[in-house]
Amino acid sequence: MHQHLFQPITLSKTLSLKNRIAMAPLTRCMAGPGLVPTQTMADYYARRADVGLIISEATIIRADAQGYPNVPGIWSTAQIEGWQRVTDAVHANDGVMFCQLWHVGRVSHQIFHGTRPVSASAIGLNERIPRMPGLTYPVPRALSAGEIEQLIEDYATAAANARAAGFDGVEIHGANGYLLDQFLHYASNHRDDEFGGTPENMVRFPLAVIDAVIDAVGADRVGLRLSPGAYAHMSEDKRDKAVFELLLSELEKRNLAYLHVGIFDDSMTFESLDGLQSSVFLRQNYKGNFIGCGSYTAAQADASIASGAHDMVAIGRPLIANPDYVSRVQQGEALVDYDADMLNTLV
Ligand SMILES: Cc1cc2nc3c(=O)[nH]c(=O)nc-3n(C[C@H](O)[C@H](O)[C@H](O)COP(=O)(O)O)c2cc1C
């Protein structure tokens, strides 16, 4: 049963995985004081080490990257030591784990870090902040060119910190309407300098981050998540497609460990992508390893690997509900249904 899901895969010269199930990055808002990962988090990830690849919950690269309470960081010594306990526990169970590197950009509020949120342009998000009753997102401040240079360095430092903390690699979070994605979509990028206005300019900052992270840890240990279809914290623009086509052609030259689609439900199609699903658009424009995601059952994931649509599939909510997801699927046992109340505890 599900024979394709349980085939090993070699992602890069340093990464061989025992199966094709990835644990999708899942923010749980359970970090301790100082945004330090806890022992409970170590136990939670270690219980899921039988997936081929664990992608950590999004982990902020510096203080102003924060947009949700109690998310873990990867810049202080205490945070790195906290993550070391997590990766040790995962490795003890024969798991492989990447750290998802995150900056939310405008999807933030000064309440988290005391400064005005930053973005490509001063364009606010007209939404309420989840888990923070009564708060809406403020209008961000556009980053200066000098601040962009600093951010590129901060991503590279975070990647090096992740390796120092024992992660096997990093996934750059370029999806879901957060900072890097804010540069890649016309709705949020109105810049008229070298970082906006044309596809060449709009990919400049995300590509510089990718290259700096590759320099820090090696392309064989770098994954990237993208959402070419605007579905979260973003609105669509027909011109976005050309930006992603250019980005993907550049990525082809870089030999990353993998590309991963950011989407909640992969049956969604996008007018801005000529009616395609995000995953189909990415697969058509990128030849390297590709991780699908978005409301997949194990049977659908298996079929999508069999058809060549994906090389691996990331599973999110079912892995929250079933720490033993892999063995249940392998043995054909029923799964527990996911329920949002499960987010209240880390088991
Ligand atoms: C509680 C929760 C937290 C999430 N946190 C993240 C995150 O930190 N980073 C990210 O890229 N996606 C995040 N996502 C999106 C998931 O990675 C995934 O794309 C989505 O859940 C669809 O997969 P699924 O249907 O298998 O759950 C989150 C989703 C949920 C439900």
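What order, most packed first, do the peptides 226-236, 188-198 have when packing is the mean number of other Cβ atoms within 10 Å of each residue?
The peptides rank, most packed first, as 226-236, 188-198.
For a test of understanding, tell me how many lysine pairs in region 9-344 have Cα atoms under 22 Å apart, given they are 8 or more places apart or on different chains.
Lysine pairs meeting both conditions in region 9-344 amount to 6.
How much accessible area per residue does region 153-229 have, in Å², with a 1.4 Å probe?
Per-residue accessible area for region 153-229 comes out at 26 Å².
In what order, largest first, do LYS241, LYS253, LYS13 sit by accessible area if the probe radius is 1.4 Å?
Result of the area sort, largest leading: LYS13, LYS253, LYS241.
Between THR77 and MET268, what is the label-point separation in nm under the 7 Å Cα-to-beta-carbon projection?
Taking the simple label geometry, MET268 and THR77 are separated by 4.3 nm.
If I model a spin label as a point 7 Å beyond the Cα along the Cα-Cβ vector, how far apart are those points for GLN331 and GLN110 in nm?
Result for the modelled spin labels: 5.5 nm.
Quick check: residue separation of GLN3 and LEU343 times 0.36 nm, minus the Cα distance between them. What number comes out in nm?
Result: 119.3 nm gained on full extension.
How much area per residue is accessible in region 237-344 when the probe is 1.4 Å and only protein heavy atoms are counted (Å²)?
43
Which length gain, in nm to one decimal place, applies between ASN255 and GLN284 when the Cα-Cα distance is subtracted from 0.36 nm times their residue separation?
My answer for the length gained is 8.8 nm.
Please figure out what share of the DSSP beta bridges in the chain is antiparallel and state it in percent, rounded to the nearest 5.
15
For a distance above 25 Å, tell me the whole-number percent of Cα pairs in the chain that qualify.
49
Considering only protein heavy atoms and a 1.4 Å probe, what is the carbon-and-sulfur percentage of the accessible area of the chain?
That share works out to 50 percent.
Within region 30-136, report the trypsin sites (Lys or Arg not before Pro) that DSSP leaves as loop and that have at most 12 other Cβ atoms within 10 Å.
On the way: sites: ARG47, ARG48, ARG62, ARG85, ARG106, ARG128, ARG131; in loops: ARG47, ARG48, ARG62, ARG106, ARG131.
Of the trypsin sites (Lys or Arg not before Pro), the ones in loops of region 30-136 whose Cβ has at most 12 other Cβ atoms within 10 Å are ARG131.
Which of the GluC sites (Glu not before Pro) across region 241-347 are loop residues per DSSP, with 15 or fewer other Cβ within 10 Å?
Counting only loop positions with at most 15 other Cβ atoms within 10 Å, the GluC sites (Glu not before Pro) in region 241-347 are GLU252, GLU333.
The values are calculated or read from the model by the stated rules, or taken from the named source; none is laboratory data. All values reported here derive from a predicted model rather than from experimental measurement. Cβ atoms come from the backbone with ideal geometry, glycine included; neighbour counts cover every protein chain shown. For accessibility, only protein heavy atoms count, side chains too; no ligands or nucleic acids. Shrake-Rupley method; radii C 1.70, N 1.55, O 1.52, S 1.80 Å.
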